[in-house]
Amino acid sequence: MKANCWYGAEDLRVVDVPDPRILNPRDAIIKITSTAICGSDLHLYNGYIPAMMRGDILGHEFMGEVVEVGREVKNLKVGDRVVNPFPIACGSCFFCQESLYSLCENSNPNAWMAEKLWGHSTGGFFGYSHLVGGYAGGQAQYARIPFADVGPIKVPEGLSDEQVLFLSDAFPTGYMAAENCSIRPGDTVAVWGCGPIGQFAIKSAFLLGAERVIAIDRYPGRLRMAQNESGASVLNYASTDVKDALDDLTGGRGPDSCIDAVGLEAHLPGALGAYDRIKQKLRPQTDRPSVLRQAMMACRNGGILSIPGVYGGFVDKIPFGSLMNRSITIKTGQTHVQRYLRPLLERIENGEIDPSFVVTHRMRLDEAAAAFRLFRDHHDECIKVVLKPWEEQRPSTASTPRVQLH
Ligand SMILES: [Zn+2]
Ligand SMILES: [Zn+2]
């Protein structure tokens, strides 16, 4: 089969690899009909996540058709159309029983590696380095799904791939970020980062009753989407002092909750931003926490800081005194996607949300390297790329990728 493989920072290649096979009785194999590039894939692409190996298959947002099931998978059959959550979870350990699926104790065979970095391990994730299991990802024509009796959910034929694909990660991740804000009527929520996760956090904050959502980014296309698709107020941090603007908009008090949907590669102007970039290059700190700091300082007293953005290791110059003295609560975590699949599918079926609004580009799997560049560099106002693994490569007349705007 064809798969998008990592060969080093900024070196992706779509190559022929062996088809996956059933290894355990609870496995299934799915033929992938649609797969997406996630913002967190860029951290792998840019080389910020340790424990990647040459030839690793990327991708953790994917869906498709079941083509083979192990003998203990009773809930799926060949031919079922499914969307697959990015965390791999056994369904029966302490954490799965608590619905903390991304922390499954039985799905990361490399837990010892993660324990060295983090103290304790998470569960395993698809296509996201050997630190979290080294599982082959879904930017491929097929994938093996371990614990297939717990993860994938069947989707009705009436919904298109693009309406349900983001149940795999982006939609539940934005939703959990908003849910973690314990939103009450009248609340103002500020969201840093208007990529796909930010867009879903904004929509979810409104679904959960926020009065106002303030979206912060520097790319006009993303701010426009936040405004037009969800009715957010917008702030461009390149031209506005965010802290002052948020104070002005909230009577000097600050937003009730703040969502960092950016994570470890944040860009912010100013001296601390430059300090972070230099330190990250020299590696005494692994992550650039400029959004995190700004969100901490901006949040109202007694407010909630929710962090769906991915961090890998250590961060520096965190204003801990501000958090402690002002009673700020932090809520974070890799998304417990399995918990949200059914309720969020219901919201899609009810017409409360159509997640396909984030898709700006559709490309073939063999265009993956170009798609990553387009997404990373924000060219052509790219917000979300869906890759089609089975679309035939047409005899190409041009050397540029075929880009189709939404
Ligand atoms: Zn992701
Ligand atoms: Zn488990």
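The values are calculated or read from the model by the stated rules, or taken from the named source; none is laboratory data. These numbers were taken from a predicted model, which means no experiment stands behind them. FYI the Cβ positions are ideal-geometry reconstructions off the backbone, even for glycines, and counts take in every protein chain you see. Accessible surface is based on the protein model in full, side chains and every heavy atom, while ligands, DNA and RNA are left aside. Shrake-Rupley method; radii C 1.70, N 1.55, O 1.52, S 1.80 Å.
Ignoring ligands, DNA and RNA, what percent of the accessible area of region 1-148 is carbon or sulfur (1.4 Å)?
The value for region 1-148 is 51 percent carbon and sulfur by accessible area.
Where in the chain is the longest stretch that carries no chymotrypsin sites (Phe, Trp or Tyr not before Pro) classed as loop by DSSP and with at most 16 other Cβ atoms within 10 Å? The partial results should precede the final answer.
Details: sites that count: Tyr7, Phe314, Trp390.
Of all site-free stretches, the longest is 8-313.
With the cut-off at 1.5 for a/c, could you classify region 1-141 from its C-alpha gyration tensor as rounded, prolate or oblate?
Values: a/c = 1.90, a/b = 1.07, b/c = 1.78.
Judged from the Cα gyration tensor, region 1-141 comes out oblate (a/c at least 1.5, b/c at or above a/b).
Mind checking the dipole of the chain: about its Cα centre, +1 per Lys or Arg Cβ, -1 per Asp or Glu Cβ, Debye to the nearest 20? It would help to have the intermediate numbers written out before the result.
Values: 42 positive and 46 negative charges, 112 e Å.
Result for the chain is approximately 540 debye, rounded to the nearest 20.
Describe numerically, in nm with one decimal, the distance between label points set 7 Å from Cα along Cα→Cβ at Phe314 and at Val17.
3.2
To the nearest µm²/s, what D does Stokes-Einstein give for region 74-153 at 4 °C and 1.567 mPa s, using the Kirkwood radius over alpha carbon pairs as Rh?
Numbers: Rh = 13.0 Å.
Rounded, D is 100 µm²/s.
So what's the net charge close to Ala89: Lys and Arg +1, Asp and Glu -1, counting the other residues with Cβ under 12 Å from its Cβ? Please report the intermediate quantities before stating the final value.
Values: positive: Arg26, Arg339; negative: Glu98, Glu105, Asp149.
Cβ neighbours under 12 Å give a net charge of -1.
If you stretched the chain out fully between Val78 and His379, how much longer would it get, using 0.36 nm times the residue separation minus the C-alpha to C-alpha distance? The partial results should precede the final answer.
Working: separation 301, 0.36 × 301 = 108.36 nm, distance 3.94 nm.
So the chain would gain 104.4 nm between Val78 and His379.
Which of the aspartates and glutamates could a cross-linker span from Lys331 if the Cα-Cα distance has to be under 16 Å and same-chain partners fewer than 8 positions apart are dropped?
Straight-distance partners of Lys331: Glu179, Asp256, Asp260.
Using +1 on the beta carbon of Lys and Arg, -1 on that of Asp and Glu, and nothing else charged, what's the dipole of region 41-145 about the Cα centre, debye to 20?
With only Lys, Arg, Asp and Glu charged at Cβ, the dipole is about 180 debye.
Under unit Cβ charges (Lys, Arg +1; Asp, Glu -1), what dipole magnitude, rounded to 20 debye, does region 90-233 have relative to its Cα centre?
Numbers: 9 positive and 13 negative charges, 73 e Å.
So the dipole magnitude of region 90-233 works out to roughly 360 debye.
Pull up the cross-link candidates among the aspartates and glutamates for Lys154, meaning alpha carbon to alpha carbon under 14 Å and not fewer than 8 places away within one chain.
Glu65, Asp80, Glu346, Glu349
Given a 1.4 Å probe, how much area per residue of the chain is accessible, in Å²? Walk me through the numbers before you get to the answer.
Numbers: 16810 Å² over 406 residues.
Per-residue accessible area for the chain comes out at 41 Å².
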